[in-house]
Every structure is written in structure tokens, then in C-alpha cells.
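To start, the structure itself, in C-alpha cells.
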Amino acid sequence: MKMKTLELLRNFQRRFSRSRRWLFVAVITLCLIPSNTRAQGIGDILLLLHTITSTLQGPIGDALNEMRKVSTEINNFRQKIIWPLALINQTRSFVSATRAHYTGLLSQIEGLKNNSATLALPMQLESMFRGAQSGSIGQIPGIYTQVYQPVALAGVAQPGQRNLMDIDDAMAMDSLKTSIVSDQTTQGMLTLADSLEQQAMTAAPGSASMVTAQARVADLVTQAQLAKMLAAQLRQEATKLAHQNATLKHSATTTQNLFNQIQQVLAHP
């Protein structure tokens, strides 16, 4: 261990001695340079620095000042014409005040419960199709059948009557399922509208087009959902008319059969 330490000290001493020799050579070389040569070199350096300073303060400085003026004018044009800061702040204040005024009222309206069923099964069915959860759609047929009774058996009702029962149940459940999906979509649109309002309060100047694009997409989704609801209502009305027409057809057939039976009775001697 002592031998290694001594060896390290000797190496350090040799390196230090070598560095001192190089430093001594550099100092001697500098001293040997003529004084007039050193003065001329320093003068050249000072002249170069003066030339650089004059160039920066002259042509380049003038160009930089002009660029700075143009940039200031562009910023003023943007803030006063394109994105007027005063109007933007006024709009933000209006949106913030509107949200503060109506948020509580809207929350109270959304919290209103208008369920009216009182018995166990009807309450369960009503709660399901008012729950706005599309995941519960698969449970509707079972509860619906318990509330409105299944289709009559073949020996109990005529085939035509059974067909009407089945299609009426199908269209009723279809409308209930569509209303559940529509309510869930409405909840999503309300959440998106709240997010857009918050973005409008903090949006940076120039980003209004992005917020507007999101609002237009949401509007298209809402319009598509309204079209689905209208289509469901039209199907329901068409099925109701078809049911009424089928009833008329059945009444006409029954009347004709009764007339034939009366004719047979009258023709019997």
C-alpha cells in the first residue's frame, strides 16, 4: 500500500514539473516577441472590435430597429383589429357571468325526478328507461313482459291478433330503447357544452375557430340524434296506423262471415 502511494506521488511530481516547464517556455516566448509586434497585434484586435461595434450600431442596428418597429405594429394590429383584447375580455366576462347565473338553475332542473309509477315492476321499468344507461337495454324485454304480459298463446288468440300483439310490443320496446340511447347522448352533449363554455372563458386569442369547430361537431351529433328520435316516432305512428287498419280489416272479415251465416240461415228451409 505504501509503495503504491509513493508511486502516485512521483507521477504527480513529474507531471507538475512538466507543466511548469511548458508554462516557463510560454512566458519566455512571449517575452522574446518584440514589443512593437505585440503592440501592433493588440492594435489590430482593438481595430477589429471597433469595426464590429460600429457595424452592429450602424447598418445592423438600424435594420434591427426597423424589424422591431414592424413587429410592434403587427402585434398592435392583431390586438386591436384581428383579436381585440378588450372585446375578448368582455366576452369572457359575459360567459363567466352567464355560467354563474344559470349553472345552479340548470342543475336543479336536471335533478328533478318525474317518475310516476308506484308498484314494484312498473317502478323498475320506469327507472330503467329513464336511467339514460344504454347498458341496461338488454334487461328491458324481461321486465316489459312482466308488466305488459307476454303474447297470448296460439290456442287463446287468433293468429292475426297474436301478430298484432307481437309487433306492438316490438315497436314499444324499440321506442323505449331509442329513448334510453337519446337520453344518454343528451347527457354527453350537456357535458361537452359545459366543457366548451369553460374553454370559451380561457381560450387564447385566435383559438376561437377551434372552439367553434367543436361546437359545430356537437351540433351535428345532436341533429343526428334528433333525426333518430323522429324516425322512431314515425315508425311508432306507422305501426299505430297499421294496427288500426288491421282492426278494420278484421272487422270487415268478421262482418262478411256473419253476413254469410245469416244468408245460410235464411236459405235453410
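Only the coordinates and a few stated rules stand behind these numbers; no lab work does. Nothing here was measured: the structure is a model prediction, and the numbers come from that model. Neighbour counts are summed over all protein chains in view; Cβ atoms, including those assigned to glycine, are modelled from backbone coordinates with ideal geometry.
Between GLN158 and THR253, full extension at 0.36 nm per residue minus the direct alpha carbon distance yields a gain of 32.9 nm. With the cut-off at under 19 Å, measuring from each backbone N in segment 203-234 to a point 7 Å along the Cα-to-Cβ line of ALA100 picks out 203. Extension gain, LEU220 to ARG235: 0.36 nm times the residue separation minus the Cα-Cα distance gives 3.1 nm.
Descending by average beta-carbon neighbour count within 10 Å, the peptides 250-257, 136-143 line up as 136-143, 250-257, the highest first. Phi-derived couplings, Karplus 6.51 cos²θ - 1.76 cosθ + 1.60 at θ = phi - 60°, listed residue by residue for segment 86-91: 5, 5, 5, 5, 5, 5 Hz, with x used for Gly and Pro. Here the label points at GLN264 and PHE77, each 7 Å from Cα along the C-beta direction, are separated by 9.8 nm in the simple model. Hey, how many Å between the Cα centroid of segment 191-260 and the Cα centroid of segment 142-167? Segment 191-260 and segment 142-167 have Cα centres separated by 28 Å.
Across segment 151-168, rounded Karplus estimates of 3J(HN,Hα) from the backbone phi angles (6.51 cos²θ - 1.76 cosθ + 1.60, θ = phi - 60°) give 5, 4, 5, 5, x, 8, 10, 6, x, x, 5, 5, 4, 5, 4, 5, 5, 5 Hz, Gly and Pro being marked x.
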